[in-house]
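Since the structure comes first, as structure tokens, the remarks are kept for the end.
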Amino acid sequence: MKSNHTKVSEFILVGFPEKLAFEILLFCFLLIIYLVTLIGNFLIIFLVCKSCQLHTAMYFFLANYAFMEMILSCIITPTVLTHLLSTRKSISYAGCMVQCYCFFVLGTADLILIAMMSYDRYVAVCIPFQYTLIMRRNRRVFLVALSWLGGFLSVSIPSIFKAQLPYCGPNIINHFFCDSVPLIQLVCADTTLLQLIDFGLFAFVIIGSLIFVTVTYTCILWTVFHIPSVTGRKKTFSTCGSHFTIMVIVYASSIFMYVTPRSGYSLVVNKTVSAIVIFIIPVINPFIFTLRNDQVKNAMHDIIRTVHSR
């Protein structure tokens, strides 16, 4: 049965419905986080490109991961900041679809890239003498390209279905960005098939990559525990620990948002977890992954000395 409502041309994002004073404070906080995210991740990319000692597979992956996190922030955060200072928190229909599509492409590519990074650490720890041969330049580029391709292929089909569905009203999304779950709730048609496709793809990408990462890290831990030197074990843990920390946060939040059953589902809780993924993880990544690394610090000091000597 068709609805008599006209098709919506824009959506209203509820965002964070609080008093004006709180919204201004939140704007300042998110603006600082956004700027630190851009500067921190751009610094990683700059250092990896400029420093010869960082031209390794591990830093190549980290630079690409930083790029993904930076673009992810640029897709969501400017809209949130604009809405915090405006009374009408709207986004066009096309803008909402593009934002949703780009968010999930980048999110999926992120997860696949994390799996590729775990493979890089597996080769470095478990078969170190073949590391240079296995992780040669064309192999690194292929793995990163595979991450992007996986993101595009897995998200494109459900996104096409989503864009063709009738959104007849209401047009209020209970979120601060165009997330898939609250967006589908506004469709005035049967969305069972789309929800099954979404769930199946999310489960396949998230759980599949998680299994891969779990296997590689099990092998890594087994190898580390058999290293006779305490110093050797500490050094290996230091190179893998940061990756493992981010991996736990990313997979836990992704599984909670997109793989757990919908019974008892709370959009408020979903917004909180989404805020961690979109605002907090990208800003702490540069510090956890790279900027506290001695090799990166040395590369930074070398570049600074080179600039001063000119």
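The values are calculated or read from the model by the stated rules, or taken from the named source; none is laboratory data. The shown structure was predicted, so the numbers you read here are calculated from the model rather than taken from an experiment. Note that we place each Cβ from the backbone using ideal geometry, even for glycine, and neighbour counts take in every protein chain shown. When the accessible area is computed, the model is the full protein with side chains, heavy atoms only, and any ligands, DNA or RNA have been set aside. Shrake-Rupley method; radii C 1.70, N 1.55, O 1.52, S 1.80 Å.
Below is a table of values for the structure above.
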quantity: D_trans [Stokes-Einstein, Kirkwood Rh over alpha-carbon pairs] for the range 98-233, 20 °C, 1.002 mPa s, µm² s⁻¹; calculated: 123
quantity: J(HN,Hα) series, the range 164-169, from Karplus relation 6.51 cos²θ - 1.76 cosθ + 1.60, nearest Hz, glycine and proline x; calculated: 8, 6, x, 10, 9, x
quantity: Karplus-derived 3J(HN,Hα), 6.51/-1.76/1.60, for each residue of the range 73-78, Hz, glycine and proline x; calculated: 5, 5, 6, 9, 4, x
quantity: Crossing angle, helix 93-126 versus the chain [Cα axis fit, 0-90 degrees, rounded to tens]; calculated: 20
quantity: Heavy-atom accessible surface of the chain: percent carbon and sulfur, 1.4 Å; calculated: 71
quantity: Largest-first principal axis extents, alpha carbons of the range 1-143, Å; calculated: 66, 45, 23
quantity: For the range 48-91, the fraction of alpha-carbon pairs in successive 5 Å shells from zero, as %; calculated: 5, 20, 17, 13, 11, 9, 9, 8, 6, 2, 0
quantity: Mean Cα-pair separation over length for the chain, i.e. relative contact order, pairs under 8 Å, 6 or more apart, %; calculated: 29
quantity: Cα-centred dipole magnitude for the chain, charges only on beta-carbon of K, R (+1) and D, E (-1), debye, nearest 20; calculated: 680
quantity: Cβ charges +1 (Lys, Arg) and -1 (Asp, Glu), total dipole of the range 1-152, debye; calculated: 340
quantity: Global geometry of the range 33-106, whether rounded, prolate or oblate, following the gyration tensor of its Cα atoms and the 1.5 cut on a/c; calculated: oblate
quantity: Accessible solvent surface per residue of the range 29-142, calculated while the other protein chains remain in place, 1.4 angstrom probe, Å²; calculated: 43
quantity: Ratio Rg/Rh, restricted to the chain and using Cα atoms, in which Rh is the Kirkwood radius; calculated: 1.01
quantity: Residues with amide H under 5 Å from that of Ile172, placed H, sequence gap 5 or more; calculated: Ile12
quantity: Cut-off 12 Å between beta-carbons: net charge of the residues surrounding Leu13, Lys and Arg +1, Asp and Glu -1; calculated: +1
quantity: MRE, 222 nm, helices only [DSSP H, n ≥ 4, -39500 (n - 2.57), over the chain, to nearest 500]; calculated: -25000 deg cm²/dmol
quantity: Among 137-144, 106-113, the order from most to least packed when residues are scored by Cβ within 10 Å on average; calculated: 106-113, 137-144
